[in-house]
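To start, the structure under review is shown below, and the notes come after it.
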Amino acid sequence: MRKSATLSRSMPVAADPATENLLEAVMSNAAVGILLLDLELRIVDVGRGLCDLLGYARAELIGRSLDCLIHADDRPIATKTLLSLLTTGERSYTAERRYLHRDGSTIWIIGSVSLLPGLRGPGSPAYAAQITAIDKQKHAEAAAIEALERWNFALESADQGVWDFDYENSVWFFSSTWKRIRGIPETEPVSGDYDQWLKEIHPEDLEHVSETVRKQNSGELEDVTYVYRERSRTGEWIWILARGRCIEWQADGRPKRIIGTDTDITEFKQREMEFAAVSRRLELALSTSRVGVWETDIETMQPTWDARTCEIFGVASNPTTRQPATAWVDLVHPDDREATLATCEAALASRSDYTCEYRIMTQAGECRHIRSYGRFLTNADGRETIMGVNWDITVDVQRADALRFANQLAEERNSDLEIARANMEFASLHDSLTGLPNRRCLDEKLSHSSSNAAAASDLTILHIDLDRFKQINDTMGHAAGDAMLCHIADLLKATVRETDMVARIGGDEFVIVLPAALGNDELQRLIRQIISSAGRPMLWNNKECRTGASIGIAVAGAGIDPGQLLINADIALYRAKRNGRNCAAYFTEELQAEVIFSKQCADDILNGLERGEFVPFYQPQFDARSLEVIGVEALARWNHPQRGLLTPDKFLPVAEDLNAVSNIDRAILERALVDLARWDEIGLGVPKLSVNVSARRLGDEKLIDTLRSLPIEPGRISFELLESIFLDESNDIISFNIDGIRKMGIDIDIDDFGSGHASIVSLIRLSPQRLKIDRQLVAPIVRSEQQRRLIRSIVDIGKSQGIEVCAEGVESARHVEILRDIGCDSLQGFHFARPMPEADLVSFITARNWLKADPPVATAARA
C-alpha cells in the first residue's frame, strides 16, 4: 500500500535490538518454514513453521547436521548444491527435496536457499532457506497434470507488478513489472509519494481508493482488493487490479509492512465493456422485439399477416385485407426461394410442423433474415390452414456472424499465444544476443547428465573468457562489444561438433560441453583452434577489434558430478588468466588445493584487516651527498598469527583478487601517520613519509574524502605510484584524485620508474615530485657503462623538468659513489638499511651508523 509523502524513505544501515527481536519473533512465530545453516551445514536456527511441518521442537534441531532432515537419497546433491554457492558466484537457488518427518515419513518440500553476505565461522548463519511443503502437490501431480499445465501457462502469462512498503522505515519497493505497467523506465527511482500518486488516479475512482487505503493504513482491513484507473506515463488511463496484505503489525494495531501486487487489467476491462455493450444491445433487441403472427389458407394460399409481420416484411399494415397469394413468395430472396419453397412443400405434403430460415427483400430493398415456424391446423368448419410465427433474426444472424468472426480471431489469438509461449520458452533457455543456450539451459543439460553416470563420465567442459573485452566496450562502445560476442559465438559454433553444446553464461563468458570424450590430441587441436581464431581481428566500422580467449578445461572422471565439473573448469580458467591470458589450463587436484589455499588466505586477509595484523616496515631514504635521512618509505608487512611475518609477494596477489589492496593501503597509511606523529614528539627528525598507493585505491571515488579525515600535514607525505597505473591511461577518477592529492599538499612520486611503459609526454603531463629508478636498472651500473648512461639519461630528463630523482636498490658503497656522481638526489637500498619495524627505525636513526666508513646493513628485519 502507498502512504503519505511525509514518510521518510531511509532504511536502517545496521541491525539493532528491535530488529533482532523481530527476527526472533519471525523464527518463533512464522508459519512458513525458515531454516538458518552455518558453513558446516549445521542448523543455527529454525522457524516454527518448519518445526510444525516436520514434528520437531525448535530446541531438538538447533546444532544438528542438516542431514537429519534430508532423505538419504537427496543428501549428496543437497550438500553439493549448498557448498557450490561458495565457489560459483551464484547467490541463491531453488530446489525440490525430500525431507524426513520426526516419525520417519517422507515429506516433499521446495526450498529457496540464499548465501548470506559476508564470511562467517561455525555457528554463525551462512545460509538462509525458506521451506514450503509440496507433499500434496507431488501426490496430486499425476492426476492433475493437465490442470497444472494450464496453471503454469496462466502464471507465466500473468503480468503482475509487486510492491512492498515498510511503514516503520518508510521504504518502498517497486518491481520492474510494476514500473513497466505504468510506462516508467526500470532504472528510474519511484518515491512512492502518496499525494502525487492520488493525482494520477481517475477522479471517479479517487474516493473509493482513498477510503480503501485509509482503512488498511488504520488497521481496519488486513487484506484489500480494489480496482481503479491510473494515468500512465503515456497519458492513457490504465485499469489496475490492486491487492495488498499486511504481513507485519505495529503495537498500536496499524500495519508495519504491506506487500501487494498490481495487475494491468486494462485489456480485460475493455473486453468487459465491449461484451457489456453487446449484451445491452441484445437485451434491447429482446425487449423491443415482437413476434409476427401469420396464417395461410391452404386452399387459396392467401396469407393473413398481423401488424408485426407486416412490419417485419416491410409492407403496409392493413388487418382487414388479405395479402395476395404470391405476396410471401415474392418477398423471399431469390437465392433462398427454391430451398425455402421445397421445405414448405415437403411440410405441406406430410402436414408436419416445420421451421425454416430465409432472407427476404423488402420493397425498400432491405435484406432481412427471417425465421418462420408453421403448424398445420384444421378449423371447426373443416378448413385447413397453416398457422405460424415469424421472427426478424437479422440482428441475431449479424451477431452470429460477428461471433464467428470473433471466434476466428480468438483461435488466431490462441495460435499466436501458443507461438509466443514457445518463443518465451526458447528465450528463457537462450541468450537474446547470440542465440546460444544460456546458463539455465546449460544447468538443465548438466542436471540431465547427472542422472546418467555413463554420459557424465565422458563429459569435457571448456570454460572460455574473452581477454581485453572490456577495452572494446570502453573504447569502441557496447555495440562493438555486442558484435564481438556474436562473432565469437559464431566462431565457437563453427569450431565444435554438432553434438557439442556452446553456451553463453553471461558477460564475455562461454562454456563448451563435449558430451563425447575427445582424444588428447583432438582436444589440444580444438583448444589451439579456439585460441587462434579468437585472436584474429574483427572489423567493426572499418576498425579492427581484437580480443583473445583464456580457457579452463575440466575432464570428467568416475564419480564427478557435471555441476562440479563446471566448477572445476572455472577454477582452471582462473589459472589460465593468471598465467598471462590467451592460453588454456587444465584442472588438477594441485590447482584445487591452491584454490582452497587462496580462499583460506583471503579469509585470513579479511580477518587480519579487522585485527590490525597489517603493519608498516620502514626503509630510510638518504640525501645522495650528505647521506642524511630525508625520509622513510612505509612498506606493508603482515604479522600472520600462524605463518609469521609475510612480505607483500606472499599476500598481494590474493588481496588483489579480493579487492582488499585498498584497505591494506589505508591501514598502512593510518598506522604510519601515527608513527610519524610519535617521531615528531621525540624529535627523531624524519622529514617525510612515503607510502605506496595501489591502482585500485587511486581509482576509488571516495579517496579524497577518506584522506581529508586523516591528520595529513602538507609537505610531509608522498604517495608512491607505479608508472603503469596511469601514465598512459585516461581515467577521469584517477585524474580527479591526483588533483585532489596535490591540493592537500601530498607529493606524488613515480615508483619503479623504467620498469613500465610510460611515455615522456605522460611524464611531463603528470609532473611528479620525484622519480624512483627501479632497482633492476640500478643494480648493473657497477659493471656496466651502458647502464650508467641509461641512469644518467633518466636523471637528465628529471632535472630538465625539475623532478627529483631517487635511486632504489643501492647495495654497495660503489653504487653510492656512481649514483652521486651521475646526479641522483636521493638513495635507498640495503647498503644503508633493510625495511625494519618502527622501534628498530628509531634506534637506527638515533645511532647514525650509516655515516661510518663501512656502514653496516641493518638486520632488524630482513623479511
Next on the checklist: Given the -39500 (n - 2.57) contribution per DSSP H run of 4+ residues, what per-residue ellipticity at 222 nm results for the chain, rounded to the nearest 500 deg cm²/dmol?
Outcome noted: -13500 deg cm²/dmol
Checklist outcome for this item: Computed for the chain: size of charge dipole around the Cα centre, +1 on C-beta of each Lys and Arg, -1 on C-beta of each Asp and Glu, debye to nearest 20, value 2140 debye
Checklist entry - Magnitude of the Cβ-charge dipole of segment 440-587, K/R +1 and D/E -1, about the Cα centre, nearest 20 debye? => result 480 debye
Checklist entry - Can you give the relative contact order of the chain as a percent, counting alpha carbon pairs under 8 Å and 6+ residues apart? => result 5 percent
Checklist entry - For segment 364-429 and segment 789-818, what is the separation of their Cα centres, given in Å? => result 102 Å
Checklist entry - What's the center-to-center distance, using Cα atoms, between segment 55-122 and segment 443-498 in Å? => result 31 Å
Checklist outcome for this item: Here the tail fraction of P(r) beyond 20 Å, over all Cα-Cα pairs of segment 431-510, rounds in percent to 38 percent
Checklist entry - What trypsin sites (Lys or Arg not before Pro) does segment 575-609 have in DSSP loop regions with at most 15 other beta carbons within 10 Å? => result ARG581
Checklist entry - Amide H of LEU771: which non-local residues (sequence gap of 5 or more, or other chain) have their own amide H closer than 5 Å, using H built in the peptide plane? => result ILE750, GLU804, VAL805, CYS806
Checklist entry - Share of Cα-Cα pairs in segment 440-587 beyond 26 Å, in percent? => result 23 percent
Checklist outcome for this item: For the chain, the longest principal axis of the Cα atoms and the Cα long axis of helix 203-218 enclose an angle in degrees, to the nearest 10, of 60 degrees
Next on the checklist: Just want the answer: with Cβ charges of +1 for Lys and Arg and -1 for Asp and Glu, which residue in GLY49, GLN592, PHE275 is farthest toward the dipole's positive end in the chain?
Outcome noted: GLN592
Next on the checklist: As an exercise, identify the GluC sites (Glu not before Pro) in segment 445-528 lying in DSSP coil whose Cβ has no more than 14 other Cβ atoms within 10 Å.
Outcome noted: GLU498
Checklist outcome for this item: If amide H atoms are modeled at 1.01 Å from N in the peptide plane, then the residues at a separation of 5 or more from GLN621, or on another chain, having amide H under 5 Å from its own are ILE630, GLY631, VAL632, GLU633
Checklist entry - Ranked highest first by average number of other Cβ atoms within 10 Å, how do 620-626, 133-139, 665-671 line up? => result 665-671, 620-626, 133-139
Next on the checklist: As a test, work out the antiparallel percent of DSSP beta bridges whose residues both lie in the chain, rounded to the nearest 5.
Outcome noted: 80 percent
Checklist entry - When TRP249, TRP328 are ordered from fewest to most other Cβ atoms inside 10 Å of their Cβ, what list results? => result TRP249, TRP328
Checklist entry - Over all distinct Cα pairs, what is the inverse of the mean 1/r for the chain, reported as the Kirkwood hydrodynamic radius in Å? => result 36.2 Å
Checklist entry - When you count, for each residue, the other Cβ atoms within 10 Å and take the mean per peptide, how do 744-752, 216-224 rank with the highest first? => result 744-752, 216-224
Next on the checklist: On a straight-distance basis, which lysines could pair with LYS852 in a cross-link, Cα separation under 29 angstrom, same-chain partners fewer than 8 positions away excluded?
Outcome noted: LYS688, LYS772
Next on the checklist: Rounded to the nearest 20 debye, what is the charge dipole size of segment 289-392 about its Cα centre when +1 sits on each Lys and Arg Cβ and -1 on each Asp and Glu Cβ?
Outcome noted: 200 debye
Next on the checklist: Could you order the peptides 379-388, 78-87, 355-364 from most to least packed, using the average number of other C-beta atoms within 10 Å per residue?
Outcome noted: 78-87, 355-364, 379-388
Checklist entry - Taking Cα atoms, how many degrees apart are the long axis of helix 661-682 and the longest axis of the chain, rounded to 10 and kept between 0 and 90? => result 40 degrees
Next on the checklist: Cut-off is 10 Å between beta-carbons; in what order do TRP197, TRP294 appear when sorted fewest neighbours first?
Outcome noted: TRP197, TRP294
Checklist entry - Rounded, prolate or oblate: which fits segment 31-150 when a ≥ b ≥ c are the square roots of the eigenvalues of the alpha-carbon gyration tensor, with rounded for a/c under 1.5 and prolate only if a/b beats b/c? => result oblate
Checklist outcome for this item: The residues SER662, SER598, sorted from fewest to most surrounding Cβ atoms within 10 Å, come out as SER598, SER662
Checklist entry - What is segment 31-150's relative contact order, in percent, from Cα pairs under 8 angstrom and six or more apart in sequence? => result 29 percent
Next on the checklist: Can you give me the angle between helix 732-743 and the longest principal axis of the chain, using Cα atoms only, in degrees from 0 to 90, rounded to the nearest 10?
Outcome noted: 40 degrees
Next on the checklist: Over 32 Å between Cα atoms: which of LYS445/LYS599; LYS256/LYS702; LYS179/LYS215; LYS80/LYS138 fall into that group?
Outcome noted: LYS256/LYS702
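Readers should treat all values here as calculations from the given coordinates under stated rules, not as data from a laboratory. In this text, all values refer to a predicted model and were calculated from it rather than measured experimentally. Heads up, the Cβs are rebuilt from the backbone with ideal geometry, glycines too, and the neighbour counts pull from every protein chain shown.
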